[in-house]
Each structure stands twice: as C-alpha cells, then as structure tokens.
Amino acid sequence: MSRLGLLVSMPEELLLKNCRYVVTMVKGVLSNKDVLVSDGRIEAIGERLSKSGTVVDCSNKIVVPGLVNSHTHAATVLLRGYYDAEHHKWLEKIWSVEAELEPKVVYLASKLAMYEMLSSGTTAFVDMYFYPEETARAAVEVGIRAVLGPVFLDRLVSPDEVIRSLDRLVREYGRSPLVTPIVNVHSIYACSQETLLTAKEYSEREGLGIHMHVSETRREVFECKRRHGVFPVEYLNKLGLLTDRTHLVNLGWITSWEIRLVKEGGASVAHCPASNMKLATAGFFPFKEMVRGGVTVGIGTDGPATNNSLDMFREMRTTVLLQRNNYWDAEVRAIDALRAATVNGGRIIGKKVGKVVEGYTADLVVLDALSLRLQPLRRDNVIPALVYSATGADVAMTIVDGRIVYRRDRVAKLRSEVEAISAELNAFMERVTG
C-alpha cells in the first residue's frame, strides 16, 4: 500500500457525518445528511446514522461522486512541458522520447500522476500508454481505479508484442477490483487495417473494451478520406469496430452522420477540450448533438504532456466554456459537465460509480465547503460552484472503493516521495533528450 493509502487506517465501516451538502446526481443536492459506507458500498444516506468504524465530520464539507477521467496518458506526466507545438509536430517529438521508455520510468511517472489525480478528486481513469503492467501495479499500490492496456501503435511496437502484454495483463488483473484491462488502439493513422482487425479480434475473444483516438485533426480526416474513401468513424464502422465495447476519444472533426453511427453502434465518447486546444487540433466536439442523440459522453484531461493538468474540475469548466463559446448559446450547463464526469464516466468504465445513492460503490470526493472560491455557497448554487469555481485544490478527501486514499491535511508526508520520483524522472529526461 502506498503512503497515500497509509495516511489513515482502512475501516470496515466509514461514516461521513452531517454532510453540509451531498450531490447525489439522482436526487439533487441534499443538506445535512450522513453517508454510511460499509464493505466498499454506500449503505445508507440519512440522519443520525449509527456506525462502528471511522467517523468523519463533514459539517463543512460537500460530498460528490468520484470523478472519472475518461481519457488520459497518465505516465506522460514525465513529458509535462517538454515540447510546445501543434499536434502532428508535437507527436513526432514525443514519440522519439517514448521510444526510449523503461518500465521503471512508467511506474514512477504513473504513480506521480495518480497522486495528482487523487488529490484533485479523480477516483478512476481510462489510460492509454506503454508498459501498462507498471501503471496497474502503481494503481493497486496507490488505491485508484484504472482501466488500461498496452497500445497498438505500429511505429513503436509490434501487434504480437501488444497481444503478449494483453495476455499477461488479463491473467494478472482480470478479476482485480481496481484494474480493468482494455484494448488500446492509438489511431487509424498509426495502425494498419490489419492491426485494427487484430485489435478487434482480441477484444471480441476476451470481451474487452476498445479505446482509441479518432477524428482528432483535419489532417487525419483528409488522409482517411483520400486512402479509404470514407471519414474516420465511417471507416471504423466498415471494419466492425463500432460496438458497445468501443470508447472513442477527441472527435473534433466528426460529421453529423457519423454521430448517428456512434449511437447505433452503442459506442461511448470522451471530450478532451483543454488538450485539443493546446495542440491546436481545431474542429469542434459536438457535445449537444452527442448528448441529444443518446451517446454516452465523458470528459478526459488527455495526458499531462498535452494538457499540463490532471484536474477534472478545471476540465469540466473548460468543457462548458468552450461549448458555449462555439455554439453561441448557453444550453450546455454545469450539470451537463458534472454528469459527464461522474454518471457517464461510470458507464464508460463499466462500474457502479458516479452517483451518491444507496447500493453504489463508494467512490467519493469530499470538498471544503468553506473554500474562498466557493463563497457564498448555498444549496441552489452548489453545482455551478463546483464546475465554474472549484479546483482540485478544494478536495479535502478522496475515497475509492470505500477506503480513504487521500487526505489533504496529511499530504505533507508525501513530499519526500514526490521529490524523489521527480528527481529520477528528470534524470531520465536529461539522459534521453540531451
């Protein structure tokens, strides 16, 4: 267990007492309620509940569902701020460094990213990166929920090697409560049709989800149309890759008719607004059309190498602001972004999380209701305050699977470990980049 996990004991029963506000995502915002957690589940929500375990005074706290980062490359915290350019130019530079990656580096970088995620309210993430066994090991140690797998990417790794890595991951983590294996495909431009069909066959055989970037740039769309005569999502549909196991990312250049294909196939999607803007991919993610069409839409930060932040509160705010700016209207609201980061995130990862209701898994975030950023706070403005004003710095406690895995008041104990990890990552970067 990591030092984060050792900050408190692991109670069989946990009582969040007299919560000032509870954002249920089902029954609105409740006031002055207790939340009882037992065996990793929310057992009861009410008043004056009894307990036999740990009691946390939440009279000045807000309890919300844990946030799900629906797309990231966690270990790219290693590359944070390394190269600042538009997407394709940036990608070439990053791949040159990633060709030198080592398992220990991915392990350390993943752990550093997980500390950041837990400290800012993320309880689960969908990851795409190399050496996923190292990220999985770190996730179990730290106590965060992770959906991950090796990456089909023809330039850097052979399909056979990816299959071997997937086999190992499925054997070791197939029944893990925290780690869920997934088939990662980088993109249609980084994988041949043969590789795409190999990924599809493995997904069908093992019953695993497929996670991939698609329609991220105008160049990608142009090249797909030139080579295959169809647009990217149409191409995936022709190959039989649009199913209820498919999770698509970016989609800034998706067409209106392709949205219908996504819906008909039952695929889910992730919007990564800050990363898309930072990499100058342009286009526009059609949030309203997706949601109105019945598509499950989540929110992702993308990797810290592109976004520079893993703070999902910032990403929710950016989602709403970008949509309103580009639509010229205010139809996308704070609750839409919060739902994407909680309820829909739970659907995307296939777990019973994202709501604070009885029977749901206790992946919860406790925020400081006295934060200066949130004042004046009332029951009727809690959700807008969370989306527009809160940041990860307002998180006081993070709970995953009923266990307290982060407490802000004890984070100073992590400094020496974080400093040591950062020093080792910096030494690697100096060595490989000269």
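Of note:
- Some residue of the range 227-235 being of a type in the set (Phe, Trp, Tyr), within 21 Å of SER203 (Cα to Cα) and either in the same structural domain as ILE335 (by TED's automatic domain parsing) or crowded, with 24+ Cβ neighbours inside 10 Å (or both): yes
- Any hit, the range 138-155, residues being assigned to a helix (DSSP H, G or I), assigned by TED's automatic domain parsing to the domain that holds VAL297 and within 23 Å of GLY252 (Cα to Cα): no
Residue by residue, here is whether (1) in the same structural domain as LEU367 (by TED's automatic domain parsing); (2) assigned to a loop (DSSP other than H, G, I, E, B); (3) out of contact with any strand residue (DSSP E or B) (no Cβ under 7 Å at 6 or more places or on another chain) holds:
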| position | (1), (2), (3) |
| --- | --- |
| GLU43 | yes, no, no |
| LYS51 | yes, yes, no |
| SER59 | yes, yes, no |
| ASP84 | no, yes, yes |
| GLU100 | no, yes, yes |
| SER110 | no, no, yes |
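- Scanning the range 196-208 for residues that are touching a residue at least 12 places away in the same chain (Cβ under 8 Å) and farther than 18 Å from ARG168 by Cβ yields LEU196, LEU197, LYS200.
- Within the range 361-396, the set of residues being small (Gly, Ala, Ser) and either assigned by TED's automatic domain parsing to the domain that holds MET117 or within 24 Å of LEU36 (Cβ to Cβ) (or both) comprises ALA362, ALA369, ALA396.
- Odd one out for VAL157, checked against (1) surrounded by fewer than 24 Cβ atoms within 10 Å (Cβ to Cβ); (2) β-branched (Val, Ile, Thr); (3) in contact with a Phe, Trp or Tyr (Cβ under 8 Å, 6 or more places away or on another chain); (4) modelled with pLDDT of 95 or more: (4)
- Of the residues screened, ASN18 is one that is on the phi > 0 side of the Ramachandran plot, among the polar types (S, T, N, Q) and at pLDDT 95 or above.
- Hey, ALA124 in a strand (DSSP E or B) and surrounded by 18 or more Cβ atoms within 10 Å (Cβ to Cβ) or not: yes
- Taking every residue in the range 111-127 that is free of Cβ contacts under 8 Å to residues at least 40 places away in the same chain and pairing it with any residue that is buried (at least 24 other Cβ atoms within 10 Å of the Cβ) and in a loop (DSSP other than H, G, I, E, B), at least 6 positions away or on another chain, yields no pair with a Cβ-Cβ distance below 6 Å.
- Wholly within the range 285-338, helices (runs of 4 or more DSSP H) carrying at least 1 residues that are crowded, with 16+ Cβ neighbours inside 10 Å and among the basic types (Lys, Arg): 312-327
- Residue check for LYS104: modelled with pLDDT of 95 or more, within 30 Å of MET277 (Cβ to Cβ) and in the same structural domain as GLU315 (by TED's automatic domain parsing): no
- The range 291-331 - residue that is closer than 22 Å to LEU112 by Cα and of a type in the set (Ser, Thr, Tyr) and, of those, farthest from the chain's Cα centre (by Cα): THR306
- Within the range 345-362, if we keep just the residues that are within 20 Å of LEU118 (Cα to Cα) and among the aliphatic types (A, V, I, L, M), the residue that is surrounded by the most Cβ atoms within 10 Å (Cβ to Cβ) turns out to be VAL356.
Rundown of residues vs (1) in contact (Cβ under 8 Å) with a residue 40 or more places away in the chain; (2) buried (at least 22 other Cβ atoms within 10 Å of the Cβ); (3) over 24 Å from the mean Cα position of the chain (by Cα), yes/no style:
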{"residue": "LEU364", "(1), (2), (3)": "yes, yes, no"}
{"residue": "LEU386", "(1), (2), (3)": "yes, yes, no"}
{"residue": "LYS413", "(1), (2), (3)": "yes, no, yes"}
{"residue": "ALA420", "(1), (2), (3)": "no, no, yes"}
{"residue": "ALA427", "(1), (2), (3)": "no, no, yes"}
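The values are calculated or read from the model by the stated rules, or taken from the named source; none is laboratory data. Please read these numbers as outputs of a predicted model, since none were measured by experiment. As a convention, Cβ positions derive from the backbone with ideal geometry for all residues, glycine included, and neighbour counts pool all protein chains shown.
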